[in-house]
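K.L.:
Questions regarding the structure given below will be posed in turn.
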Amino acid sequence: MEKINKKVFYFILLIFLNYVLIPAWLLIRDTKFRILYFIILILFLPFSAVFLRYLLNKTQIKTFEKPEKNFKLKFLLVSLFAFLSQIFLIFQPITFTDEIAYVSEGMYSFTILNNLSHSLFGFSIIVLSYLVLALLLLLFIIFRKINFKKYFEKKNFILYTLITFIVISVIIFILINSYLEVFLSKAFTSKSLDYKLSWLVAGIQIIYYTLPTLFLNLSEFSFRITSLLIFIAAGYFFIKLLQLLNIRRNIFYTLLIFFFIPSFSYFANLAFGTTELIFFTVSISYFLVRYEQHKDQNSLFYFILLSVLMVFFDKKANAFILGLLIFYILKLIIINKFRIREFLQQNKIILYSLLFISILTIPQNLIRSEQFYQTSLNELNPYLDNQESKFLNLSNWLSLFQSTRVLSNLPNQITIPMLILSIFSLFIVIPQILIRKNHQLLLLISIFLGYYIFFTSLIYNGSPRYTVPMLFIFPIFYIYFIKIIILKKPNLANFLNIFTLILSVFVIVFTLFLAYHNYQDRYLPADQLFSYIKQELPNEKFLKTMTPSSYNFYIIKNNLNFNNFDPTIWEKAENQTFDNLYDYMSENNITYFILLLPNYSYDSYYPRKYTTWLDLSNYKDLTSFPILNHSLVNDLYNEKSSKFKKIKEFAFGKNVMFIIKRIDS
């Protein structure tokens with residue numbers, strides 16, 4: 001009773017944090033519908049408690065052997081090497097890609113909390129956070145002798161917990177609706193309240209990105225350190241998954257391959273949310289495989305908890321959930337051979353769990369899809385003219401280019417040698433599934449199919465970042481291939497061990513070369529530029545027309561006034577001239593303009609070649625939408641107009657940012 005109550009309590013807390021404490025329900029404009037929607041969210045609290053308790057009562061707690069000290073030491077050394085290889089890169093400037101979308105989720109909430117802390121207490125949120133932490137530690141010391149176990153054992157513990165959470169939820173709803181304008185009035189200067197709140201769709205992700213800033217302040221490090229740490233945690237579950245697959249040889253060489261897969265390594269030092277999805281896919285796969293083998297309560301609970309948390313964290317997680325559904329469909333066909341009664345008897349609890357996960361994540365998916373297309377308030381944004389009004393585009397399957405894009409990304413994602421070896425491994429993996437009915441390998445194939453089908457079917461399906469979380473299956477296929485060969489031909493064991501070592505060294509060297517060779521070209525000197533503005537031009541007005549960029553982060557980091565930075569696209573790129581730029585800046589009393597030269601932008605370690613920093617990328621057909629006229633920017637840089645003067649430039653690698661000043665006639 002005590003262990004189940006504790007698990008249910010933590011699960012209710014997750015639902016409360018995501019659906020109540022993070023007020024995405026504010027995005028519903030109509031008050032009546034907002035109240036109705038909020039009531040539905042509150043009902044999810046008792047629903048989740050009852051359903052989860054039912055599922056957990058159908059299983060038993062089992063104990064598992066603890067890892068040996070030698071295992072822990074080896075894992076620590078390999079992880080430390082991976083960590084140190086990345087640590088330098090997390091201090092680099094915030095990238096001019098989608099990283100700012102994830103950073104914003106912590107940045108905006110930090111700004112609101114910091115303003116409230118200054119207003120109410122007269123000091124920053126960082127000071128308040130450390131005071132709260134000290135208070136919590138003090139309470140922990142005071143109450144550590146209290147036996148909380150007896151409270152969890154009480155029959156009505158969950159009922160009292162639900163009543164408490166519902167009351168708190170109603171109070172939060174009333175307070176936020178009543179004082180919303182007060183909360184936000186000092187934080188943002190955007191054109192509409194909806195734009196200020198659109199980031200709330202991120203849900204639990206906001207808490208994840210905000211917490212480090214409360215203790216470390218706004219910095220590149222505070223947003224990225226969690227990605228690196230959770231990447232190391234993903235490695236732990238990866239090696240535990242290998243052990244569940246009865247793979248004992250070369251597991252630490254394989255762990256090195258995992259840590260240094262190029263796409264894994266790239267996102268490990270960035271705040272893209274991708275590393276977190278890698279963690280979820282690996283850890284959920286581990287707990288599902290363990291549940292399939294042992295039918296134990298803890299495995300089922302962590303499978304459900306992490307699956308719900310994954311979808312709460314990022315909508316792209318639905319590709320993984322699709323992979324799980326495919327797994328059980330294929331299991332019915334291949335393992336059970338359409339014996340439905342046998343299949344249901346064996347998998348009833350896990351199927352109920354998938355239904356439970358799907359129901360709980362419906363509101364998060366719905367509100368995200370509602371906000372997905374609200375990308376800009378500026379009607380001249382060229383992205384809006386080319387936007388589709390739907391998610392799916394099944395015609396992608398009729399195009400050779402579109403239907404193979406997930407596959408064509410693989411060589412850059414995992415290296416060509418690793419891809420070739422993984423393809424050869426399928427000659428072992430497929431028979432193991434079809435003939436020996438290997439459930440675990442079927443799961444890995446299903447995860448790949450889930451990502452492949454999901455992202456091939458989307459309108460915007462081309463970003464290599466989308467399919468990165470499923471790439472852990474490839475080193476597993478390889479090492480399983482090696483395992484089977486050694487079982488059949490033991491005399492090849494030493495050779496294959498050495499080959500695996502050489503492969504791991506190759507992947508490490510290849511990836512570290514990509515990571516550090518001309519690494520500056522992947523970043524822009526935005527930190528230098530805004531530090532200069534803070535010191536020399538803190539009260540001047542700037543035009544900052546740009547594609548999605550890190551400007552807002554550096555404005556907040558340097559404590560500059562949002563009112564002084566105008567993001568307007570004053571004309572479509574093809575119509576932009578010296579004259580209409582000068583007229584717009586004059587009419588709006590803007591003196592300075594922040595610009596950068598149109599060099600190739602980067603996608604992972606590689607330049608895109610079809611788009612520059614001044615363009616929006618159209619992954620659908622590998623084209624670009626220009627935000628700023630390239631010729632105009634080059635002419636401004638070279639001072640070819642008497643109406644503008646370049647006053648300062650900043651370089652980082654090949655990339656150049658500069659400030660021009662409007663010259664009054």
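K.L.:
For helix 69-86, report the angle its Cα long axis makes with the longest principal axis of the Cα atoms of the chain; keep it between 0 and 90° and round to the nearest 10°.
P.N.:
20
K.L.:
With n ≥ 4 as the cut-off for DSSP H runs, can you work out [θ] at 222 nm for the chain, using -39500 (n - 2.57) per run divided by the number of residues, rounded to the nearest 500?
P.N.:
Value at 222 nm, helices only, nearest 500: -19500 deg cm²/dmol.
K.L.:
Quick one, what does Rg over Rh come out to for the range 448-534 if you take C-alpha atoms and the Kirkwood Rh?
P.N.:
On the Cα set of the range 448-534, Rg over Rh gives 1.20.
K.L.:
Once the Cα atoms of helix 157-184 and of the chain are each reduced to a long axis, what angle between those two axes, in degrees from 0 to 90 to the nearest 10, is obtained?
P.N.:
10
K.L.:
Find the centroid of the Cα atoms in the range 517-566 and in the range 595-665, then give the distance between the two in whole Å.
P.N.:
The range 517-566 and the range 595-665 have Cα centres spaced 14 Å from each other.
K.L.:
Kirkwood hydrodynamic radius (Cα pairs, Å) of the range 517-665?
P.N.:
That comes to 15.9 Å for the range 517-665.
K.L.:
Skipping prolines and chain starts, which residues have an amide H placed within reach, meaning under 5 Å, of the one on Lys648, given they are 5 or more residues away or on another chain?
P.N.:
Ile659
K.L.:
Follow-up. Quick one: check the C-alpha center-to-center distance for the range 283-313 versus the range 210-228, whole angstrom.
P.N.:
Each part's Cα centre sits 28 Å from the other's.
K.L.:
Per 5 Å bin, what percent of the C-alpha pairs of the range 11-118 does each bin hold, from zero upward?
P.N.:
Bins of 5 Å from zero give 2, 8, 9, 10, 11, 12, 13, 14, 13, 7, 2, 1, 0 percent of pairs.
K.L.:
Restricting attention to the range 202-276, which trypsin sites (Lys or Arg not before Pro) occupy a DSSP loop and are surrounded by at most 11 other Cβ atoms within 10 Å?
P.N.:
Those that pass, being in a loop and sparsely packed, are Arg248.
K.L.:
Next question. Accessible area of the chain with a 1.4 Å probe: how many percent of it is carbon plus sulfur?
P.N.:
63
K.L.:
Now a separate question. With θ set to phi - 60°, apply the Karplus curve 6.51 cos²θ - 1.76 cosθ + 1.60 along the range 239-250 and write out the HN-Hα couplings as whole Hz, x wherever there is a Gly or Pro.
P.N.:
6, 5, 5, 4, 5, 5, 7, 6, 9, 10, 7, 6
K.L.:
Here's another thing I want to ask about it. Per residue, how much accessible area does the chain have with a 1.4 Å probe, in Å²?
P.N.:
45
K.L.:
Here's another thing I want to ask about it. With every protein chain present, what accessible area does Leu394 have (1.4 Å probe, heavy atoms only), rounded to the nearest 10 Å²?
P.N.:
Probe radius 1.4 Å; accessible area of Leu394 about 110 Å².
K.L.:
Could you tell me what % of all Cα pairs in the range 540-611 have separations over 18 Å?
P.N.:
49
K.L.:
Report, in degrees rounded to the nearest 10, the 0 to 90 angle that the Cα long axis of helix 125-143 makes with the longest principal axis of the chain.
P.N.:
For 125-143 against the chain, the angle is about 30 degrees.
K.L.:
Okay, moving on. Taking a quarter of the surface of the Cα convex hull of the range 423-475, what do you get in nm²?
P.N.:
Mean projected area of the Cα convex hull: 4.0 nm².
K.L.:
Taking amide H positions as placed 1.01 Å from N in the peptide plane, with prolines and chain starts having none, which residues 5 or more places from Phe565, or on another chain, fall under 5 Å of its amide H?
P.N.:
Amide H to amide H, under 5 Å and 5 or more residues apart or across chains, Phe565 pairs with Phe542.
The values are calculated or read from the model by the stated rules, or taken from the named source; none is laboratory data. Quick caveat, the model's predicted, so the values are computed rather than measured. Neighbour counts run over all protein chains shown; Cβ positions are idealised from the backbone, glycine included. Each accessible area value is taken on the protein alone, full model and side chains, heavy atoms only, with ligands, DNA and RNA left out. Shrake-Rupley method; radii C 1.70, N 1.55, O 1.52, S 1.80 Å.
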